[in-house]
Amino acid sequence: MAHLHHHPFSAASRFVRLVLAEYDETAEFIEEKPWVRNPALLTLNPAGTLPVLIDDNETVVCGGSVIAEYLVETKGARMGEMRLMPDHATDRAEVRRLVEWFSRKLNGEVTDYLVTEKVYKRRMTPAEGKNSPDPAAIRAARANIRYHLQYIGYLAGRRNWLAGRELTLADFAAAAEISCIDYLGEVPWEADETAKAWYARIKSRPSFRSLLTDTLRGVPASTHYADLDF
């Protein structure tokens, strides 16, 4: 069986979990602490970042978007039109652009701030650098999420899915980020109904079920987090 080194509130890890579930693939999940330098993890991935997939053939693949495309190429071919990457090079470039946008820009400007301040810092020990949440980081995330939500609404309002006619990795990359933020109750859904409708569609997929059952001791999910109809 494949093994996935992850953290439940690492958006990149959630991205991979969604793709695995979409392809009906199973893996053993090994939870890591992203804020701790684990020598065993560094052996697998010198960058020390999550997620890391060890496939059942012992291939080691590192990074959310890299693992996602690896799964498309190794597991997705049998899915036919549901491969999550388009056939045309131009369309694939758009998917990759959006995966990069959500995994780096949305993560760097919103998700990472909120998860670090509201989740990781609660789990750190003093020796690991525990300190009080940074109000400035949280304010920045709350300001930035509105721009990103509007961009998702813009895309969803002009296309069937975010990158085009078909469901692709771009949708799952965005949904992985939004799911972390939504768990914390930090998505202002009233700001964009089109983005809200897109998220309702994707979180209704069977592959999303495991994410919607995630819980975090001491940090309850927002009241609508697992509600498919909000």
- Task: Find the residue count for segment 1-27, including only residues that are under 11 Å from the mean Cα position of the chain (by Cα) and of a type in the set (A, V, I, L, M).
- Result: 5
- Message: Yes or no: segment 100-109 includes at least one residue that is among the basic types (Lys, Arg), under 27 Å from Pro188 (Cα atoms) and within 19 Å of the chain's Cα centre (by Cα).
- Response: yes
- Pull up segment 103-128, narrow it to residues that are open to solvent by less than 60 Å² (accessible area, probe 1.4 Å), assigned to a helix (DSSP H, G or I) and hydrophobic (A, V, I, L, M, F, W, C), then point me to the one that is nearest to Leu50 (Cα to Cα). Val115
- Do we find that Ser210 is in contact with a helix residue (DSSP H, G or I) (Cβ under 7 Å, 6 or more places away or on another chain) and not basic (Lys, Arg) in this structure? yes
- Message: Out of the residues in segment 113-140 meeting the condition of being under 21 Å from Ile181 (Cβ atoms) and among the acidic types (Asp, Glu), tell me which one is farthest from the chain's Cα centre (by Cα).
- Response: Asp134
- Query: Of the residues in segment 28-81, how many are closer than 22 Å to Met124 by Cα, of a type in the set (Val, Ile, Thr) and over 16 Å from the mean Cα position of the chain (by Cα)?
  - Reply: 2
- Any idea which residue in segment 197-220 is modelled with the lowest pLDDT, counting only those that are of a type in the set (Lys, Arg) and either surrounded by fewer than 18 Cβ atoms within 10 Å (Cβ to Cβ) or in a loop (DSSP other than H, G, I, E, B) (or both)? Arg217
- Item | Given (1) more than 22 Å from Ala163 (Cβ to Cβ); (2) not in a helix (DSSP H, G or I), index of the condition Val187 fails | (1)
- Picking from Glu58, Glu31, Glu25, which residue would you name as being of a type outside the set (Ser, Thr, Tyr), surrounded by fewer than 18 Cβ atoms within 10 Å (Cβ to Cβ) and on the phi > 0 side of the Ramachandran plot? Glu58
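The values are calculated or read from the model by the stated rules, or taken from the named source; none is laboratory data. This structure is a prediction, so every number in the text was calculated from the model and none was measured. Don't worry about glycine lacking a Cβ; one is built from the backbone with ideal geometry, like all the others, and counts go over all protein chains shown. Accessible surface areas use protein heavy atoms only, side chains included; no ligands, DNA or RNA. Shrake-Rupley method; radii C 1.70, N 1.55, O 1.52, S 1.80 Å.
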